[in-house]
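Since every read-out is calculated from the coordinates, none of them should be taken as a lab result. Computed from a predicted structure; not experimentally measured. FYI the Cβ positions are ideal-geometry reconstructions off the backbone, even for glycines, and counts take in every protein chain you see.
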Amino acid sequence: MILAKNHQRQLIRLSEDKEMETIEALGASFREVVIGEREGARTYIVRASRSYPMSPEVLWSALTDKERVQRWFAKVAGDFKQGGRFSIEGNADGDIVVCEPPRQLALTWEFGGSTSWVNVTIQRSDEGALLTLEHEHPTDPKSQVHWDQYGPGATGVGWELAMLGLEMHLSGERTSTIEAGEAWAESATGKATLRGWAEAWGKAHAETGTDGQIAKETAERTAAFYTGEEQ
C-alpha cells in the first residue's frame with residue numbers, strides 16, 4: 001500500500017475564496033470500498049470514478065503518453081504496452097498486464113516491498129468519458145497494519161489528487177500542474193479539500209461494514225498525513 005504524498009505536487013493553485021466549491025467539485029465523483037479476493041486471499045479494493053468532457057481516445061492519450069503524463073503526474077519510463085514494464089520516478093514500478101486502448105489499462109503496483117494492483121477503465125458516457133480506477137491491496141501482515149492505520153483514504157486521496165491534476169491538464173493548463181501543486185496543498189483551500197476527501201473515504205469505509213468510529217479515526221489520520229499535520 002502507498003501513501004501517495006508525492007501526489008501533492010499534482011495540483012494547480014486554486015483561489016482561497018472557493019473552498020467549499022472545491023471540496024464538492026474536485027476529485028472523484030464516486031467512491032467505493034469493497035472486499036475482493038485474489039488467488040484465494042482476501043483483498044481490499046478502493047474504487048474511484050470521475051467523468052471528463054472529452055472522448056475516450058483523448059483521455060487515453062493523456063493517461064498513456066509519457067510526455068503528457070510527466071506534466072500532471074510524474075516522470076515515467078518504460079515500455080508502455082501489454083507485457084511491458086514501467087517505472088514512476090520516486091514512486092512505484094510494475095508490469096503492464098492489460099493494455100487495450102482506449103478501454104483498459106491494468107498493471108501491478110510495486111512499492112515499498114509490497115505488490116498491489118491497479119486497473120483503469122474508460123467508458124464513453126453522456127459527459128464524454130468516464131474514468132474508473134480500482135486499486136486492489138493485499139492483506140498480508142505488513143499491508144494490513146497500513147490499512148488499519150489509514151484505511152482506504154491513503155490510496156483514495158492520493159488518486160484523487162492525480163485525478164485533479166489530470167483534470168487541470170486536460171482543461172488546457174499549459175504549465176506543469178506538478179510544479180504548482182505544493183503551493184495549493186499548503187493553502188487553506190487545499191487543506192480543506194484534502195480533509196473533505198479523507199472524510200468522504202471514511203464514509204465509504206464505514207459502508208463496507210467497518211465500525212464507524214474506526215473508519216472516522218483512519219480518515220482523520222489520512223487527513224493529518226496529507227495536510228502535514230500528522231504528529
*Mean separation of Cα contacts under 8 Å (6+ apart) over length of the range 5-226, as relative contact order %*: 30 percent
*What FRET efficiency do you get for Arg103 and Thr208 if R0 is 25 Å and r is their Cβ-Cβ distance, rounded to the nearest 0.05?*
0.35
_Label-point gap, in nm, between Lys81 and Ser125 - each point 7 angstrom along Cα→Cβ_ = 3.1 nm
_Treating only the Cα positions of the range 5-226 as identical point scatterers, give the base-10 log of I(q)/I(0) from the Debye formula at each q in 0.16 Å⁻¹._
-1.17
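Taking 22 Å as R0, compute the FRET efficiency from the Cβ-Cβ separation of Ala224 and Ser114 and round it to 0.05. Each step should come with its number before you reach the end.
On the way: r = 22 Å, r/R0 = 1.02.
Efficiency, rounded to the nearest 0.05: 0.50.
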_Would the range 85-216 count as rounded, prolate or oblate if I go by the C-alpha gyration tensor, calling it rounded below 1.5 in a/c and otherwise prolate when a/b exceeds b/c, oblate otherwise?_
rounded
